[in-house]
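K.L.:
The structure follows.
The values are calculated or read from the model by the stated rules, or taken from the named source; none is laboratory data. Just so it is clear, the structure is predicted and the values come from calculations on it, not from any experiment. Every residue, glycine as well, gets a Cβ built from its backbone with ideal geometry; the counts of neighbours run over all protein chains shown.
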Amino acid sequence: MHEIHATTAMFPGTGVRDALAQICAGASEPLLGTISAAHVQLCPQNMGTLTERSCEELRAEYQNSQLRLHANARVLAKHHILDASTFNDESRPYYAALADRSRRLGARAYSLHAGRRSNCTLAQMIDNVARIQDIFGEITVAVEGLYPNSAVPQLMDSWAEYETVQRAAVPMAVDVSHLKIVDSHESGQDRARIVDLLSSQNTIEVHLSDNDARTDRHNVLVNAPWWWAYRQSINPAAVVFTEGNQLRSKKVA
């Protein structure tokens, strides 16, 4: 099994530095055991702006951790809610800022969500990822698939669309908790596709957490969900992160 790495999403609502401090002090989950800080993903669930200077300071302070950004990380004074479905000339400066902060962190990758179906087609989203990749240069940009949402239809919300993106050779962040929701909606009919997704050389990140198979809850993993049996299929080159909410689990305990 891959080593499981931390995200600041484990401590939502706290500052990035506070979350990093708690991660490095030691965190664990019942099913996963000790969580590694060798890689840490900085997420939008945390407060504070990641400025040019703060990213350079974080890189210097956490030399034993490979830091990278995720999704709508807060890199400008105004918080932006953007994704791979909303890339255009107006949003380009935000992605330029994300790329700048990623370089200052020494990041090797950045991942973002596929986005809403109302904004563009799947083919357009795939093209948008390529255009964002041009901005990031040597830093790999990966798209994270989503799940069925009747209120706000999302791209990459079915096994078939995950497969389409995989065949297009787009780098991917595969969130298995999202696949748990997809699987529930499709009655487990295409579950075997998870092996191809997880083992693909294009899968550079895997995100772990648990939910009720209906909504994305970011629960810590206590019992083994159905996808647990496929964990050995994960691409050896991929980095595996947990997004399990440590603060909620402590309240429950």
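Here's the yes/no breakdown for (1) more than 30 Å from Lys180 (Cα to Cα); (2) crowded, with 16+ Cβ neighbours inside 10 Å; (3) under 17 Å from the mean Cα position of the chain (by Cα):
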{"position": "Asn64", "(1), (2), (3)": "yes, no, no"}
{"position": "Leu67", "(1), (2), (3)": "no, yes, yes"}
{"position": "Asn72", "(1), (2), (3)": "no, yes, yes"}
{"position": "Ala84", "(1), (2), (3)": "no, yes, yes"}
{"position": "Asp89", "(1), (2), (3)": "yes, no, no"}
{"position": "Ala142", "(1), (2), (3)": "no, yes, yes"}
{"position": "Val152", "(1), (2), (3)": "no, no, no"}
{"position": "Asp157", "(1), (2), (3)": "no, yes, yes"}
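K.L.:
Let me ask something additional. If Gly48 satisfies all but one of (1) within 30 Å of Leu198 (Cβ to Cβ); (2) within 20 Å of the chain's Cα centre (by Cα); (3) of a type in the set (Gly, Ala, Ser), what's the number of the condition it fails?
P.N.:
Only one criterion is unmet by Gly48, namely (1).
K.L.:
On to the next question. Looking at (1) out of contact with any strand residue (DSSP E or B) (no Cβ under 6 Å at 6 or more places or on another chain); (2) in a helix (DSSP H, G or I), can you tell me which one Leu197 breaks?
P.N.:
In the conditions (1) out of contact with any strand residue (DSSP E or B) (no Cβ under 6 Å at 6 or more places or on another chain); (2) in a helix (DSSP H, G or I), Leu197 misses (1) alone.
K.L.:
Within the stretch 179-194, can one find any residue that is outside any helix (DSSP H, G or I), closer than 25 Å to Arg68 by Cβ and aliphatic (A, V, I, L, M)?
P.N.:
Of the residues in the stretch 179-194, the ones outside any helix (DSSP H, G or I) are 186-192.
Filter once more, keeping what is closer than 25 Å to Arg68 by Cβ: none.
Looking through the stretch 179-194, none of the residues is outside any helix (DSSP H, G or I), closer than 25 Å to Arg68 by Cβ and aliphatic (A, V, I, L, M).
K.L.:
Also: Considering only the stretch 116-141, how many residues are among the hydroxyl-bearing types (Ser, Thr, Tyr), touching a residue at least 12 places away in the same chain (Cβ under 8 Å) and under 19 Å from Ala160 (Cα atoms)?
P.N.:
Narrowing the stretch 116-141 to residues among the hydroxyl-bearing types (Ser, Thr, Tyr): 118, 121, 140.
Retained after the next criterion (residues that are touching a residue at least 12 places away in the same chain (Cβ under 8 Å)): 118, 140.
Narrowing the set further to residues that are under 19 Å from Ala160 (Cα atoms) leaves 118.
Matching residues across the stretch 116-141 total 1.
K.L.:
Any residue that is surrounded by 21 or more Cβ atoms within 10 Å (Cβ to Cβ) and either within 15 Å of His113 (Cα to Cα) or among the small types (Gly, Ala, Ser) (or both) - is there at least one of those in the stretch 218-229?
P.N.:
no
K.L.:
Among residues belonging to the stretch 1-45 that are of a type in the set (S, T, N, Q), under 17 Å from Glu61 (Cβ atoms) and in contact with a strand residue (DSSP E or B) (Cβ under 6 Å, 6 or more places away or on another chain), point out the one that is surrounded by the most Cβ atoms within 10 Å (Cβ to Cβ).
P.N.:
Start the filter on the stretch 1-45 by keeping residues that are of a type in the set (S, T, N, Q), which leaves 7-8, 14, 22, 28, 34, 36, 41, 45.
Checking which are under 17 Å from Glu61 (Cβ atoms) leaves us with 8, 14, 22, 41.
Add one more test, that the residue is in contact with a strand residue (DSSP E or B) (Cβ under 6 Å, 6 or more places away or on another chain), and what stays is 8, 41.
On the way: Thr8: 26, Gln41: 28.
That would be Gln41.
K.L.:
Restricting attention to the stretch 123-134, and to residues there that are of a type in the set (A, V, I, L, M) and surrounded by fewer than 19 Cβ atoms within 10 Å (Cβ to Cβ), which single residue is nearest to Asp83 (Cα to Cα)?
P.N.:
To start, the set of residues in the stretch 123-134 that are of a type in the set (A, V, I, L, M) comprises 123, 125-126, 129-130, 132.
If we keep only those that are surrounded by fewer than 19 Cβ atoms within 10 Å (Cβ to Cβ) too, we end up with 123, 130.
Working: Ala123: 15, Ala130: 13 Å.
Here the residue is Ala130.
K.L.:
Val143 passes all but one of (1) among the hydrophobic types (A, V, I, L, M, F, W, C); (2) modelled with pLDDT under 95; (3) touching a helix residue (DSSP H, G or I) at 6+ places or on another chain (Cβ under 8 Å); which number fails?
P.N.:
(2)
K.L.:
Further question on the same structure: Among the numbered criteria (1) assigned to a loop (DSSP other than H, G, I, E, B); (2) surrounded by fewer than 18 Cβ atoms within 10 Å (Cβ to Cβ); (3) touching a residue at least 40 places away in the same chain (Cβ under 8 Å), which single criterion is violated by Ala237?
P.N.:
For Ala237, the failing item is (3).
K.L.:
Could you grab me the full set of residues in the stretch 200-231 that are hydroxyl-bearing (Ser, Thr, Tyr) and assigned to a helix (DSSP H, G or I)? Step through it out loud before you land on a result.
P.N.:
The initial filter retains those residues of the stretch 200-231 that are hydroxyl-bearing (Ser, Thr, Tyr), namely 200, 203, 209, 215, 230.
Answer for the stretch 200-231, where residues must be hydroxyl-bearing (Ser, Thr, Tyr) and assigned to a helix (DSSP H, G or I): just Tyr230.
K.L.:
Looking at the stretch 109-138, which of its residues are in contact with a strand residue (DSSP E or B) (Cβ under 6 Å, 6 or more places away or on another chain) and under 19 Å from His39 (Cα atoms)?
P.N.:
Once the filter is applied, which keeps residues that are in contact with a strand residue (DSSP E or B) (Cβ under 6 Å, 6 or more places away or on another chain) and under 19 Å from His39 (Cα atoms), the stretch 109-138 yields Ala109, Tyr110, Ser111.
K.L.:
Quick one: in the stretch 77-106, of everything that is of a type in the set (A, V, I, L, M) and at pLDDT below 95, which residue is nearest to Val16 (Cα to Cα)?
P.N.:
So the residue we want is Ala77.
K.L.:
Okay, next question. Here are some residues: Thr86, Thr51. Which one is more than 20 Å from Val143 (Cβ to Cβ) and β-branched (Val, Ile, Thr)? Spell out the reasoning first.
P.N.:
Details: Thr86 fails: more than 20 Å from Val143 (Cβ to Cβ).
So the residue among Thr86, Thr51 that is more than 20 Å from Val143 (Cβ to Cβ) and β-branched (Val, Ile, Thr) is Thr51.
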